[in-house]
Amino acid sequence: MKSMLTPLLVLGFAGSLAAQDTTAKPAAPPAAAPAAAASAATVEAAVLARNVVDRVPQDTGTAFSDSVGTVVLWMRVTGASGQTLHHVWYFGDTEVGNVPLTVGGSPWRTWSRKTVPAEAKGAWHVEIKDDAGTVLKRIDFTVGQ
């Protein structure tokens, strides 16, 4: 019996060694990053104004005198609750302001102000962007012309 047991143990041990795969397997590729969700924010209305009174823009327009002092971008958005949108102000092609605005509900009205120096005459524009940098709306305007 002892003589039969030894060959069986040796064969069993050898068989278990043969069944093991000792070759290195390539590592699984990293999981792809989830695609950024498209912004659900919709700019329902956006206007430039000289002021906002009781959440309503006053003296709206796209051409302002060089003595305007301040221009306001007022907007009404839907589908952006909890998101941060940005009013990015440009004089010519130079960014001169970036105002983050947290949207608290839907619909939501909010605005930002930009001080305009009297010597900053010419073409301006302001872009409404989501956190990913997607331009949701652009408004061009002039100062002093």
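Just so it is clear, none of the values below were taken in a lab; they were calculated from the coordinates. All of these numbers come straight from a predicted model, not from anything done at the bench. Note that we place each Cβ from the backbone using ideal geometry, even for glycine, and neighbour counts take in every protein chain shown.
Of everything in segment 56-85 that is in contact with a Lys or Arg (Cβ under 6 Å, 6 or more places away or on another chain) and within 14 Å of Ile139 (Cβ to Cβ), the residue that is surrounded by the fewest Cβ atoms within 10 Å (Cβ to Cβ) is Arg76.
Summed over segment 76-96, the residues that are in a strand (DSSP E or B), hydrophobic (A, V, I, L, M, F, W, C) and within 17 Å of the chain's Cα centre (by Cα) give a count of 4. Is it true that some residue in segment 132-141 is acidic (Asp, Glu), part of a strand (DSSP E or B) and in contact (Cβ under 8 Å) with a residue 12 or more places away in the chain? There is at least one residue in segment 132-141 that is acidic (Asp, Glu), part of a strand (DSSP E or B) and in contact (Cβ under 8 Å) with a residue 12 or more places away in the chain.
Within segment 104-141, the residues that satisfy the criterion of being more than 27 Å from Thr78 (Cα to Cα) and surrounded by 15 or more Cβ atoms within 10 Å (Cβ to Cβ) are Val116, Ala120, Lys121.
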